[in-house]
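**Q** Supplied in structure tokens, the structure appears directly below.
The values are calculated or read from the model by the stated rules, or taken from the named source; none is laboratory data. Source: prediction; values computed, not measured. Using ideal geometry, Cβ is built from the backbone for each residue, glycine included, and neighbour counts are taken over all protein chains shown.
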Amino acid sequence: MEMTLNEYQQLSRRTLPTGTPMGLANYAMGLTGESGEVVDHIKKHVFHGHKLDKAETMNELGDTLHYLSGIASMIGCSLEDIAVMNIEKLKRRYPNGFSKEDSINREY
């Protein structure tokens, strides 16, 4: 199954809490919690010698994407708008791809 980021965002909205500050806080906390699970999974691989489980990593990244998508919906923007904005920023910062020099001397 293939879908665009905006199609994903639309499908993901069915579980959104109301657009109250508490709903936004819930999703921000969910995003950090799920991001932490991604980090923990990779930490165990890098530092503890565990095999990197691609399916589990994808599962945790999917949970992270769900919360990110929800926050985007609550603030009234699309995932595709966020993706385009981010790529444009990266192109400005690293016009020839990533380099240490560009990273050190980048403009914010």
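**Q** Which of the residues spanning the range 45-91 are within 14 Å of Leu5 (Cβ to Cβ) and among the small types (Gly, Ala, Ser)?
**A** Passing the criteria: Gly62, Ser69, Gly70, Ala72, Ser73, Ser78, Ala83.
**Q** Shifting gears a bit: Report whether or not Val46 is within 30 Å of Glu107 (Cα to Cα) and not charged (D, E, K, R).
**A** no
**Q** I need a count of the residues in the range 29-53 that are outside any helix (DSSP H, G or I) and surrounded by fewer than 12 Cβ atoms within 10 Å (Cβ to Cβ).
**A** Within the range 29-53, residues that are outside any helix (DSSP H, G or I) and surrounded by fewer than 12 Cβ atoms within 10 Å (Cβ to Cβ) number 3.
**Q** Can you name the residue in the range 3-28 that is modelled with pLDDT under 95 and not in a helix (DSSP H, G or I) and is also surrounded by the fewest Cβ atoms within 10 Å (Cβ to Cβ) among such residues?
**A** Thr18
**Q** Which residue pairs have Cβ atoms under 7 Å apart, sit 6 or more places apart or on different chains, and have a first residue in the range 70-94 that is in a helix (DSSP H, G or I) and a second that is basic (Lys, Arg)?
**A** Going by the 7 Å Cβ cut-off, the qualifying pairs are Ser73/Arg13; Arg93/Arg106.
**Q** Does Asn86 satisfy the criteria of being at pLDDT 95 or above, under 30 Å from Thr15 (Cα atoms), of a type outside the set (Ser, Thr, Tyr) and loosely packed, with under 11 Cβ neighbours inside 10 Å?
**A** Working: at pLDDT 95 or above: yes; under 30 Å from Thr15 (Cα atoms): yes; of a type outside the set (Ser, Thr, Tyr): yes; loosely packed, with under 11 Cβ neighbours inside 10 Å: yes.
Spelling it out, Asn86 is indeed at pLDDT 95 or above, under 30 Å from Thr15 (Cα atoms), of a type outside the set (Ser, Thr, Tyr) and loosely packed, with under 11 Cβ neighbours inside 10 Å.
**Q** Shifting gears a bit: If you scan the range 15-50, which residues turn out to be farther than 18 Å from Gly62 by Cα and of a type in the set (A, V, I, L, M)?
**A** Met22, Leu24, Ala25, Val46, listed by residue number.
**Q** Going by the structure shown, is Glu107 within 16 Å of Tyr8 (Cβ to Cβ), of a type in the set (Asp, Glu) and touching a residue at least 12 places away in the same chain (Cβ under 8 Å)?
**A** Here the answer is no, as Glu107 does not meet what is asked.
**Q** Sticking with this one: Counting only residues that are surrounded by 15 or more Cβ atoms within 10 Å (Cβ to Cβ) and either farther than 30 Å from Thr18 by Cβ or modelled with pLDDT under 95 (or both), how many does the range 54-73 have?
**A** 1
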